[in-house]
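The values are calculated or read from the model by the stated rules, or taken from the named source; none is laboratory data. Note that the structure is a prediction, hence the values are computed from the model and not measured. Cβ: placed from backbone, ideal geometry, glycine included. Neighbour counts: every protein chain shown. These accessible areas exclude ligands, DNA and RNA; they are computed on the full protein's heavy atoms, side chains included. Shrake-Rupley method; radii C 1.70, N 1.55, O 1.52, S 1.80 Å.
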Amino acid sequence: GFTAAGTSRNFHLYFDVAGSGAPVATVPDQVELTDDVFFEGQNSYMIATPRATYYYHKQGGGFAGLRDQENREWIGYHPTGGSGGSYRGIPNMVFDISGSSFFHPVFINATSSIVSRGPVKLTFRTQSTEPLDPWECLWDVYPTYAKMTLVTKGRTGYWFLYEGTPGGSFEAATDFVVRSSGQRTPASDSWEGDVAPPEWVYFGDGGLKRTLYLVNHQDDGNVDSYRPQDDLMTVFGFGRSLADLNGFMTSVPRTFTFGLAEDSAFVPTSRVIASAFRTITASAGTVEILSVGVPTTLAPENGASGVSGSPVFFWTRVSGANRYHLQVSVDPALSGSFAVDDTSVSDTSRQVSGLLAGTTYYWRVRAAIGGEYGSFAPVWSFTTGLTGPVLWTPLDGAALANGTVNFVWSNFLGASSYHLQVGEDPAFLTGILVDNATLLDTTLSVPGFLPGKTYYWRAGARMGGPTAFSAVRSFSIVATGIDRNPSTPASFSLAQNYPNPFNPSTMIRFGIAERGRTKLEVFSILGERLATLVDGELEPGSYSISFAPGEEIPGTSGVYLYKLSTRAGVIVRKMLFMK
């Protein structure tokens with residue numbers, strides 16, 4: 001965005017450690033380097049930016065080409081042709097009549113190397129190869145301009161030149177030069193004198209809004225000049241007179257900038273130039289270490305007794321946290337021998353199983369944001385109850401044909417009452433269907449269980465206080481009408497339904513060779529599960545079950561799929577319902 005002169009803009013920078021899971025910032029390349037491009041007779045850097053493409057001769061140490069978005073050439077160096085080619089370039093910095101000249105695309109007495117490259121800036125260094133005449137400069141190429149800092153100078157003075165072709169070709173009558181004072185002169189006019197501070201000029205083509213600007217960052221009293229040469233190119237120089245070939249600049253370091261502006265009027269172009277070279281003062285604010293909140297522990301409550309050997313731990317959510325660290329131990333200091341030491345909990349609860357009966361445990365939890373942990377919550381303790389009753393029926397994983405289930409468990413010596421829980425959630429957090437804590441007997445008959453569902457149950461006993469619950473068992477209700485023939489040797493099979501096509505019902509036969517979890521499901525042709533006919537532990541044998549489209553299936557004519565799944569594999573067949 002645009003920031004006016006003399007104003008401040010604030011940025012917040014966020015850092016995280018590698019592997020924290022925080023998204024990595026991606027910045028599209030706006031300065032793209034292609035190395036070892038052969039351009040106009042020399043090995044070159046080709047640097048593509050949104051504003052222009054630059055060609056830099058690595059041995060010459062100068063820019064030989066600058067092509068705008070419409071491929072107009074603003075420098076136009078060629079290895080032959082004098083003013084028509086070989087004289088052109090930027091910065092064409094050193095000319096010594098004794099023969100030592102540097103930073104001009106026509107020469108081969110320098111080496112260039114990449115210092116750093118990123119998505120918004122490329123930095124490279126050029127050094128002269130003559131040890132008795134050392135010259136060195138650094139170039140920083142940004143998306144909209146290039147900046148050179150002369151680091152080391154040799155035996156002579158120097159200048160900074162633009163010798164080129166504004167807008168693609170030199171046209172003395174229509175090209176123009178504008179100085180920082182606002183004075184505009186045609187490219188056909190020569191002039192000489194120190195450019196008023198701030199020292200910058202720009203060149204334009206009468207038929208374009210686009211212009212090329214050049215900046216001398218350090219205001220000085222050195223003479224500057226411009227003249228056309230042979231009506232073929234510009235000759236502009238900071239620190240150069242019209243008649244004298246000696247460079248008037250002698251100090252280092254010194255910085256220059258050039259680039260293309262997408263305007264030719266004085267006011268908007270001067271703003272673009274100012275944004276390219278004016279000093280930006282940057283200061284770092286106070287570093288803030290991310291503060292990670294502390295969760296509040298909820299359950300098991302501090303000091304609780306008779307807690308299940310498979311409790312669920314709960315705590316409050318911390319803003320911004322992406323994971324939690326839960327520790328459970330018999331050590332009050334939680335310094336080792338952990339029953340649980342889990343750093344990957346993604347939610348605000350975690351079920352733990354296998355805790356010893358009649359044992360006191362200590363627990364705590366903390367939150368993490370990325371790779372930064374907060375403090376642990378205060379340590380809480382709880383004591384597990386005695387071992388709960390032994391569950392007798394239904395057996396674990398049983399497949400029952402009746403929706404009324406008789407629950408039976410062992411007598412618990414000294415128990416004053418029993419507690420039965422039945423639900424659709426093995427952790428008994430949701431979907432609880434039976435929660436009776438006042439039972440005086442060790443059996444209870446419960447009706448209303450639905451076919452095609454799996455249920456979970458456990459029992460506990462009370463002796464003044466609650467004991468731990470028993471282990472959790474599961475059972476399922478298979479669809480009414482399933483028949484088994486245990487005397488028939490069975491293999492893993494799924495027969496074609498009969499009749500097929502069918503209306504209103506059809507018979508599905510299947511066989512299993514070993515006891516195990518068995519599922520028979522019906523799907524639409526699009527893969528949507530419509531009904532579960534069997535879901536539970538079945539003994540080996542051959543089975544048959546009647547299927548008729550009911551509430552789950554609206555009875556629309558068409559092809560349906562039925563799938564048998566056991567440990568032995570999966571079989572899928574098609575059936576056709578004709579309404």
Give the residues of segment 417-443 that are loosely packed, with under 12 Cβ neighbours inside 10 Å and among the polar types (S, T, N, Q), sorted by residue number.
THR430, THR438
Taking first residues from segment 363-378 that are within 20 Å of PRO311 (Cα to Cα) and in contact (Cβ under 8 Å) with a residue 12 or more places away in the chain and second residues anywhere that are polar (S, T, N, Q) and not in a loop (DSSP other than H, G, I, E, B), the pairs with Cβ under 7 Å that are 6 or more apart or on different chains are TRP363/GLN327; ARG364/GLN327; VAL365/THR297; ALA377/THR297
Residues satisfying the stated conditions in segment 295-313, i.e. among the hydrophobic types (A, V, I, L, M, F, W, C), within 36 Å of the chain's Cα centre (by Cα) and buried (at least 17 other Cβ atoms within 10 Å of the Cβ):
PHE313
Just a yes or no: is a residue in segment 2-21 in a strand (DSSP E or B) and at positive phi?
no
Only one of (1) at pLDDT below 90; (2) polar (S, T, N, Q); (3) loosely packed, with under 14 Cβ neighbours inside 10 Å does not apply to SER544, and that is (3)
Go through (1) within 29 Å of PHE63 (Cβ to Cβ); (2) loosely packed, with under 10 Cβ neighbours inside 10 Å one by one and return the number of the condition GLY6 breaks.
(1)
Taking strands (runs of 3 or more DSSP E) that do not extend beyond segment 32-106, which have at least 3 residues that are open to solvent by less than 30 Å² (accessible area, probe 1.4 Å) and more than 21 Å from ASP230 (Cβ to Cβ)?
42-48, 52-57
Flag if ALA274 is closer than 30 Å to GLY388 by Cβ and under 39 Å from the mean Cα position of the chain (by Cα):
no
From the list ILE273, ILE280, which residue is surrounded by 17 or more Cβ atoms within 10 Å (Cβ to Cβ) and β-branched (Val, Ile, Thr)?
ILE273
Just checking, does segment 206-215 include any residue being surrounded by 19 or more Cβ atoms within 10 Å (Cβ to Cβ), touching a residue at least 60 places away in the same chain (Cβ under 8 Å) and basic (Lys, Arg)?
yes
Confirm whether GLU514 is under 22 Å from SER474 (Cα atoms) and either part of a loop (DSSP other than H, G, I, E, B) or open to solvent by 50 Å² or more (accessible area, probe 1.4 Å) (or both).
yes
Checked segment 497-522 for anything closer than 19 Å to ALA568 by Cβ and modelled with pLDDT of 85 or more; matches are ILE508, ARG509, PHE510, GLY511, ILE512, ALA513, GLU514, THR518, LYS519, LEU520, GLU521
How about segment 221-262: which of its residues are hydrophobic (A, V, I, L, M, F, W, C) and open to solvent by 20 Å² or more (accessible area, probe 1.4 Å)?
VAL223, LEU232, LEU242, ALA243, LEU245, PHE248, VAL252
Can you report the number of residues in segment 129-144 which are at pLDDT below 95 and either open to solvent by less than 40 Å² (accessible area, probe 1.4 Å) or in contact with a Ser or Thr (Cβ under 9 Å, 6 or more places away or on another chain) (or both)?
5
Only residues that are without any contact (Cβ under 8 Å) to a residue 40 or more places away in the chain and either aliphatic (A, V, I, L, M) or open to solvent by less than 70 Å² (accessible area, probe 1.4 Å) (or both): list them for segment 19-31, please.
VAL24, ALA25
Every residue in segment 359-386 that is part of a loop (DSSP other than H, G, I, E, B), over 30 Å from ILE289 (Cα atoms) and open to solvent by less than 50 Å² (accessible area, probe 1.4 Å), please.
THR359, GLY385
Restricted to segment 145-188, and to residues that are open to solvent by 10 Å² or more (accessible area, probe 1.4 Å) and acidic (Asp, Glu), which residue is nearest to SER86 (Cα to Cα)?
GLU163
Yes or no: segment 331-345 includes at least one residue that is at pLDDT 85 or above, surrounded by 16 or more Cβ atoms within 10 Å (Cβ to Cβ) and hydroxyl-bearing (Ser, Thr, Tyr).
no
Report, by residue number, each residue of segment 107-128 that is touching a strand residue (DSSP E or B) at 6+ places or on another chain (Cβ under 7 Å), in a loop (DSSP other than H, G, I, E, B) and farther than 19 Å from PHE39 by Cα.
LYS121
Has segment 391-414 got at least one residue that is open to solvent by less than 40 Å² (accessible area, probe 1.4 Å), part of a strand (DSSP E or B) and aromatic (Phe, Trp, Tyr)?
yes
Quick one: ASN92 ticks every box in (1) at positive phi; (2) under 44 Å from the mean Cα position of the chain (by Cα); (3) of a type outside the set (Asp, Glu) bar one, so which box is it?
(2)
Here the residues within segment 452-480 that are at pLDDT below 85 and either surrounded by fewer than 21 Cβ atoms within 10 Å (Cβ to Cβ) or within 43 Å of the chain's Cα centre (by Cα) (or both) are GLY452, LYS453, ARG462, MET463, GLY464, GLY465, PRO466, ALA471, ALA479, THR480
Of (1) in a strand (DSSP E or B); (2) touching a Phe, Trp or Tyr at 6+ places or on another chain (Cβ under 7 Å); (3) closer than 17 Å to PRO451 by Cα, MET575 satisfies all except one. Which?
(3)
Against the definition (open to solvent by less than 50 Å² (accessible area, probe 1.4 Å), of a type in the set (Val, Ile, Thr), farther than 30 Å from GLY167 by Cβ and modelled with pLDDT under 90), how does VAL318 come out, yes or no?
no
In the list LEU533, LEU526, which residue meets the criterion of being at pLDDT below 90 and in contact with a Lys or Arg (Cβ under 9 Å, 6 or more places away or on another chain)?
LEU533
